[in-house]
Structure formats: C-alpha cells, structure tokens
Amino acid sequence: MEGKKNLCAMISTELHAKIMAEKEQLELNTLAEYVERIFTEHFEGGQISMKAERTLAVQIPAELFERLKEYLAARNLKQKQFLIQLIENALDGETKAE
C-alpha cells in the first residue's frame, strides 16, 4: 500500500455543503476519495474526469426526503441510481408520446 498523508483545510460552510452533495452524487464513500479524485484529475491531466457529469440539486420538504430515504433503503437503491432511472423513464416516455 502506498503511503498516505493527511490534508486539512478550513473552507466556507457553503462550499462544504456543495462538496458533500457532489460527493454523494458521485456515490463516493469518503471525503478522502472525493479529494483524491479531484487532485488526481488536476495533476495527472484529467485521467479521472467528473466533467462528463453534472450535478442536479433540488430542495424538497423534509418529510418527503425521509420517505425517499426509506423507499431507497427498502429497495437497496442509491439515490443517484433512482433519480437517473426516473429521469430516463420520463424522457423516454416523452419521446414515445411525441
């Protein structure tokens, strides 16, 4: 295993929230994986690219969010997987209806 070093930095709470949302959207388990991915992309000329994906963020009522989490857990689904499937189904249905 290669050596590892700790990296720590103070950032604004707003930036932290954006980072954590994107980390979840990318389905990365730890913040370390997210930071390593960003630095690898920067220093190794884009071998790992997050640019092919875009972040979709919406605010929903807390009650609806809790219902969604329960639904996903009961079906062993990831939030990203579920939302992509919903969007693709809606867009496919729209295309077929035209």
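The values are calculated or read from the model by the stated rules, or taken from the named source; none is laboratory data. In this text, all values refer to a predicted model and were calculated from it rather than measured experimentally. Glycine also receives a Cβ, built like all others from the backbone with ideal geometry; neighbour counts cover every protein chain displayed. We work out accessible area using only protein heavy atoms, side chains counted, and drop any ligands, DNA or RNA first. Shrake-Rupley method; radii C 1.70, N 1.55, O 1.52, S 1.80 Å.
With modelled with pLDDT under 85 and over 30 Å from N6 (Cβ atoms) as the only criterion, which of E98, E53 stands out? Break it down stepwise before answering.
Numbers: E53 fails: over 30 Å from N6 (Cβ atoms).
Being modelled with pLDDT under 85 and over 30 Å from N6 (Cβ atoms) holds for just one of E98, E53, which is E98.
How many residues does region 62-90 contain that are open to solvent by 80 Å² or more (accessible area, probe 1.4 Å) and not in a helix (DSSP H, G or I)?
2
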